Amino acid sequence: MPGENRLVVAASLALAALSWGCELTQSVRQTEQLRESRAWTESQRVVVETFDGAVEIQGWDEPRVEVVATKYALTPQALRAIRVRVEELPEALRVVARRPSGYRWAMGVEMSVKLPRKASVVVRTSNGRVRASGVEAPLHIVTSNGKVEVEESSGPVVARSSNGSVELSRVQGPVEVTTSNGSIEARAISGYAQLRTSNAAIKVEELRGSIRASTSNGRVEVVLLEAGFEPVRIASSNGSLMLVLHKVPPAGLEAITSNGGITLRLPTGQGARLNARTTHGGIRVELPMQEQRGTKTTLEATLPPGGPLLHLQTSNGSIRVEGLGSP
C-alpha cells in the first residue's frame with residue numbers, strides 16, 4: 001500500500017542517515033602527529049604558519065626548536081593531503097602548514113613549538129587560539145576568530161586578531177594590540193601600550209608606562225602605577241571610563257567618550273591642570289582646587305600646585321574627579 005511504501009522509504013532513509021552519522025563521528029577526528037627538532041642560530045627568527053588550528057609557543061633554555069604538529073581532517077585522504085614542512089634559511093627557521101588545494105572545510109593543523117627564549121617569533125594562523133609564554137625577543141602574532149594570550153614576555157609584542165579577545169600578563173617592552181569584537185585585558189605591563197578594539201571592553205591593571213587605548217561600545221578601565229613620558233590617551237564611544245592614576249602623567253592625560261561617565265582618581269597633592277567638559281551631565285571634583293571657572297557642564301581649574309593638563313570630555317555622562325582613597 002502507498003502508506004506502507006512511504007514507511008519503508010522513511011525507515012530506509014533513517015537507517016542511511018544513522019549509518020552516515022556513525023561514519024562521520026568516526027572520521028571527524030582523524031589525526032596525525034608529527035615531531036621535528038632543529039638546531040637554532042641567533043641569526044634566525046622562528047616563523048610559524050598554520051591554518052584552522054591553535055598555536056602554543058613556549059620559550060626554553062635549549063638551543064633548538066622543537067615542533068609538535070597535529071593534523072586533523074574528516075578522512076584519511078584529506079589527512080594525507082595536509083603537508084607540514086620545516087624550512088631552514090639563514091635568516092629564519094620556518095614551520096609551515098597550508099590548506100591543500102581542493103579542500104575547504106573541517107581540517108587544520110595545531111602547533112606546539114618550544115624555542116630559545118631569545119628567538120624572535122612570528123605566528124600566523126586562522127580560526128585558532130594563540131598562546132605564548134617565556135619569550136624574551138620580539139613577538140608578532142596574527143590570528144582570526146581566536147583568542148591571544150601572552151605572558152612573561154620581555155620583548156616588543158604585536159598581537160592582532162578579529163572576533164577574539166586578547167590577554168597580556170607580565171609583559172615588558174612596547175605592546176601593540178588590535179582586535180575587534182573581543183575584549184582586551186592586560187596586567188603588569190611595562191612600557192608603552194597601544195590597545196584598540198571595538199564592541200568590547202578594555203581593562204588594564206598595574207601599568208608602568210604610557211598607554212593609548214580606544215574602543216567603541218565598551219568600557220575602559222586603567223590603573224596606572226608609574227607614568228611614562230608619552231601622553232595617556234583613552235577613548236571610547238557608548239562606554240564609561242575609569243582611570244586610576246597613582247602618579248600624574250608628566251605629558252598629561254586625554255580621556256574622551258560619549259554616552260558614558262568618566263571617573264578619575266588621583267593622589268592628593270600631585271598637581272595638575274583640569275579641563276572637564278560634558279554635554280548632558282554634571283562635574284564633581286573632590287580634590288582641592290584653585291583658579292576654577294566654568295559652568296555646570298564645563299570646568300577649568302588648577303589642582304595645586306599645578307602641572308600637566310588633564311582633559312576629560314564626554315556627552316550624556318557625568319565627570320567625577322576623586323582621591324585615590326575613594327570607594
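The values are calculated or read from the model by the stated rules, or taken from the named source; none is laboratory data. The shown structure was predicted, so the numbers you read here are calculated from the model rather than taken from an experiment. So basically every Cβ, Gly included, is an ideal-geometry build from the backbone, and we count neighbours across all protein chains shown.
Only one entry of R129, R170 meets the criterion of being more than 25 Å from G209 (Cα to Cα) and in contact with a strand residue (DSSP E or B) (Cβ under 9 Å, 6 or more places away or on another chain), and that entry is R129. Taking the conditions exactly as written (touching a His at 6+ places or on another chain (Cβ under 6 Å) and touching a residue at least 12 places away in the same chain (Cβ under 8 Å)), does E300 satisfy them or not? It is false that E300 is touching a His at 6+ places or on another chain (Cβ under 6 Å) and touching a residue at least 12 places away in the same chain (Cβ under 8 Å). Within the range 82-111, residues that are closer than 17 Å to R35 by Cβ reach partners that are basic (K, R) and in a loop (DSSP other than H, G, I, E, B) with beta carbons closer than 8 Å, at six or more positions or on different chains, in the pairs I82/R99. As a summary of the residue check, R131 satisfies the conditions (1) assigned to a loop (DSSP other than H, G, I, E, B); (2) touching an Asp or Glu at 6+ places or on another chain (Cβ under 8 Å) except for the one numbered (1).
Within this structure, A106 fails the test of being at pLDDT 95 or above and among the small types (G, A, S). Considering E300, E291, the condition of being modelled with pLDDT under 95 and acidic (D, E) is satisfied by E291 alone.
When each of L274, L241 is tested for being crowded, with 16+ Cβ neighbours inside 10 Å and farther than 29 Å from S198 by Cβ, the lone residue that passes is L274. Select from the range 152-168 the residues that are modelled with pLDDT of 95 or more, within 14 Å of Y192 (Cβ to Cβ) and not in a strand (DSSP E or B) and list them in ascending order. The one that is modelled with pLDDT of 95 or more, within 14 Å of Y192 (Cβ to Cβ) and not in a strand (DSSP E or B): P156. Listed by position, the strands (runs of 3 or more DSSP E) inside the range 178-262 whose residues that are on the phi > 0 side of the Ramachandran plot number at least 2 are 202-209.
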